[in-house]
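Rule-based calculations on the coordinates, nothing more; no lab input. Predicted, not measured: the structure shown is a model, and the values here were computed from it. Neighbour counts run over all protein chains shown; Cβ positions are idealised from the backbone, glycine included.
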Amino acid sequence: MKELSLNILDIAQNSVKAKAKNILIKLTETADSLTLVIEDNGCGMSKEMVENVINPFCTTRTTRKVGLGIPLLKLAAEQTGGSVNIESVSEQVDPVNCGTKVTAVFFKNHLDFTPLGDIVSTVTALIQGSPDIDWRFEHHLEGGSVELDTVELREVLGDVPLDTYEVIKWIEAYLQEGYDSVK
Amino acid sequence: MKSLAELAAIREKMKDKVVLREGSGEIRVVVGMATCGIAAGARPVLNAFVEGVSNAGLADKVMVSQTGCIGVCQFEPVVEIFEAGKDKVTYIKMTPEKAAEVIEKHLKGGAPVSEYTITNAIS
């Protein structure tokens, strides 16, 4: 992947496929690190599955829907000296509190750090593709934060779907303005 | 500054349109957005279709959606176009530029751009 934001787009699709109703994408930056959290309340995975998805050579038919996404994220994190951690509760174990949390730490000053890239485009692509999910996006930078919560947008929009072109353009401009004011 | 008031204005404007939208989707544009598609550049292609369809005034007729891996990863970014009563058209190795051409010629003009289709690549 050329940009970390593409890994984020890819990993968040797993949450969509896990039938999550709520998906949080949280980025926290310090001077030298970037921590990514993608948390959902989807169907979760069994312990065996969690071990499988992190190892690309352990792919079986059941893990194939996850494929190379997690290994690519792991590569992107580990090549900077960082790491990826996955916690998951399967709906078979706990149908109420099930879900998956993927945490990745990157060290920004490392030569092999992949730039974040066009994260705004990733957020709009996710919302456009799954407008019925409640998305929460947070990016905490040293100079301030950029945040978006589709629950708040829905309160104003009523029946108008989030994938309406005007709404997507509004979200894009809103996030862009957020970044302009932080930087 | 972008405000929630603008969203309320969009809602007001969409009041009549929402009804139309539900009956729409005569043409469906599906962009492959799995790992393979994303790595090959599907995100800008998706954006090009979302923007282009709206700018061409086709929003009531054309629905742009996303899907997982279509199964021909070597040809990503892949875009499929479904239209009632017609054969599915599969475009391969798409770019935003090719997307603009497909919107103009295929979605607007009704004639698939055969040089970008999978049929053209394997025959």
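To the nearest ten degrees, helix B:42-55 and the longest principal axis of the Cα atoms of chain B are 50 degrees apart. Taking square-rooted eigenvalues a ≥ b ≥ c of the alpha carbon gyration tensor, is region A:4-182 rounded, prolate or oblate, where a/c under 1.5 means rounded and, failing that, a/b exceeding b/c means prolate? In terms of gyration-tensor shape, oblate. When +1 charges are put on Lys and Arg Cβ atoms and -1 charges on Asp and Glu Cβ atoms, the dipole computed for chain B relative to its Cα centre reaches about 220 debye. Rounded to the nearest 20 debye, the dipole magnitude of chain A is 760 debye, with +1 charges on Lys and Arg beta carbons, -1 on Asp and Glu beta carbons, and the Cα centre as origin.
With 26 Å as the limit on Cα-Cα distance, the pairs of A:17/A:47; A:183/B:2; A:17/B:2; B:61/B:88; A:2/B:86 that go past it are A:17/B:2; A:2/B:86.
Counting 0.36 nm for each residue step from residue B:67 to residue B:121 and taking away their Cα separation leaves a gain of 17.3 nm. Here the sum of -39500 (n - 2.57) over DSSP H runs of 4 or more residues, divided by the residues of chain B, equals -11000 deg cm²/dmol at 222 nm, to the nearest 500.
Fewest neighbouring Cβ atoms within 10 Å first, the residues A:152, B:12, A:172 line up as B:12, A:152, A:172.
The label point for residue A:28 and the one for residue A:180, both projected 7 Å from the Cα toward the Cβ, are 3.0 nm apart. As a rough footprinting exposure proxy, the listed residues B:36, A:43 were ranked by other beta carbons within 10 Å of their own, and the order from fewest upward is A:43, B:36. Note on the protein assembly as shown: Kirkwood radius taken over Cα pairs, Stokes-Einstein applied at 25 °C and 0.890 mPa s, translational D equal to 121 µm² s⁻¹. Taking label positions 7 Å along the Cα-Cβ direction at both residue A:108 and residue B:15, the computed distance is 4.6 nm, reported to one decimal. Relative to one another, the C-alpha centroids of region B:21-100 and region A:143-183 are positioned 23 Å apart. Between the listed residues A:139, A:125, A:56, the Cα displaced farthest toward the positive end of the dipole of region A:4-182, a dipole computed from Cβ unit charges relative to the Cα centre, is found at A:56. Cβ crowding within 10 Å ranks B:91, A:165, A:174 as A:165, A:174, B:91, fewest other Cβ atoms first.
Within 10 Å of the Cβ of each residue in B:8-14, the mean number of Cβ atoms contributed by other protein chains is 5.
Once you divide the Cα radius of gyration of region B:25-122 by 2.2 N^0.38 Å, the number left is 0.96. Shape of region A:111-155 from the C-alpha gyration tensor: oblate (a/c of 1.5 or more and a/b not above b/c, with a ≥ b ≥ c the square roots of its eigenvalues).
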